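S.K.: I'd like to ask some things about the structure below.
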Amino acid sequence: MIELVSIHIPKTAGSSFLKILLDNYGDDIFHYRGEEPNLSEFKAIHGHFDAKKYLGLYPDSKWIAWVRHPVIRLISFYNYMVYNDKSYSGSFESFIEIEQFINQQTAFLAGKDLNSYFFIGVQEFWGEDIAELSGKMNWSSSLLIQDNVNKNPNYHEELSLLIRDERLVKKIISLNEEDMELYYKLLSCLLYTF
């Protein structure tokens, strides 16, 4: 029986989170990659899917997701697609205009009331959030590992330049107003709990 549904929004520490899930669920976790096995054999599902995929199928399960600042997430996602996955070769400005990447975090979580999620972590507070979630779940592991590191050797320099480009940052924010609203809503909930 599925007891945990983990939505992995791209570039929100989902690969690192998968390692923690594997430590705690072992062979009882299904890592979704587009295939559909008999899920009755598993206790947890983790992968790149939106909430609507399993909505209504596992109403008693704990739903978990992670978000990240939309500007930083898009820069990281672009670098991943160019340097790791090598599936994109266009400019960053063209990348941020691709429809499927606009408000992508909101799209992944849509269909399920945010208040009904068991936990939504903020990637920028990874350590604190993993510790809190591990406590809530009684997990033996709260590893603070970083997996799926960007392969661009100049990533941090490029990130620094891009976030200083006021015109480009304003464009990302304008295109991703829903993700910005979601992020700051979740961030305010996080800060309120301290």
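The values are calculated or read from the model by the stated rules, or taken from the named source; none is laboratory data. The structure displayed is predicted, hence computed values, not measured ones. When we count neighbours, we look across all protein chains shown, and the Cβ atoms used for this are built from the backbone with ideal geometry, even at glycine. These area figures cover heavy atoms from the full protein model, side chains too; ligands, DNA and RNA do not enter into them. Shrake-Rupley method; radii C 1.70, N 1.55, O 1.52, S 1.80 Å.
S.K.: Which entries of 19/171; 151/185; 136/170; 86/185; 19/136 show an alpha-carbon separation above 27 angstrom in the structure shown?
M.R.: On the way: 19/171 34 Å; 151/185 31 Å; 136/170 37 Å; 86/185 33 Å; 19/136 18 Å.
Exceeds cut-off: 19/171; 151/185; 136/170; 86/185.
S.K.: While we're on this one: Say the cut-off is 19 Å between C-alpha atoms; which of 62/112; 11/43; 52/112 go over it?
M.R.: From the list (62/112; 11/43; 52/112), the Cα-Cα distance tops 19 Å for 11/43.
S.K.: At 0.692 mPa s and 37 °C, plugging the Kirkwood radius over alpha-carbon pairs of the chain into Stokes-Einstein gives what diffusion coefficient in µm²/s?
M.R.: 187 µm²/s
S.K.: Same structure, new question: Between 63, 126, 139, where does the largest GNM mean-square fluctuation fall for the chain, given springs only between Cα atoms within less than 10 Å?
M.R.: The residue that fluctuates most here is 139.
S.K.: I've got another one for you. Mind checking the angle between helix 14-25 and the chain's longest principal axis? C-alpha axes, 0 to 90 degrees, to the nearest 10.
M.R.: 10 degrees
S.K.: For the chain, what is the mean residue ellipticity at 222 nm derived from helices alone (per DSSP H run of n ≥ 4: -39500 (n - 2.57); sum divided by total residues; nearest 500 deg cm²/dmol)?
M.R.: Rounded to the nearest 500, it is -12000 deg cm²/dmol.
S.K.: Next question. Could you name the aspartates and glutamates whose alpha carbon sits less than 16 Å from that of residue 53, not counting residues in the same chain fewer than 8 places away?
M.R.: Of all the aspartates and glutamates, those that pass the test against residue 53 - Cα under 16 Å, at least 8 places apart if same chain - are 3, 35, 36, 113.
S.K.: Picking from 17, 118, 108, which is most flexible by a Gaussian network model of the chain using Cα springs under 10 Å?
M.R.: Looking only at 17, 118, 108, the largest GNM fluctuation is found for 118.
S.K.: Also: Tell me the label-point distance for the pair residue 167, residue 39, using the 7 Å Cα-to-Cβ offset, in nm and rounded to one decimal.
M.R.: 4.6 nm
S.K.: Please compute the length gained on full extension between residue 156 and residue 99, using 0.36 nm multiplied by the number of residues separating them and subtracting their Cα-Cα distance.
M.R.: Extending this stretch completely gives an extra 17.9 nm.
S.K.: Could you work out the relative contact order of the chain, using alpha carbon pairs under 8 angstrom and six or more residues apart, expressed as a whole percent?
M.R.: Computed over the chain, the figure is 28 percent.
S.K.: A follow-up question, please. For the Cα atoms of the chain, what angle does the longest principal axis make with the long axis of helix 166-175, in degrees from 0 to 90, nearest 10?
M.R.: Approximately 40 degrees, to the nearest 10.
S.K.: Please list the non-local residues whose amide H lies under 5 Å from the amide H of residue 32, H modeled 1.01 Å from N, same-chain partners needing a gap of 5 or more.
M.R.: 46, 47
S.K.: Okay, next question. So how much accessible area does residue 188 have, in Å² to the nearest 10, using a 1.4 Å probe?
M.R.: Counting only protein heavy atoms, residue 188 exposes about 60 Å² to solvent.
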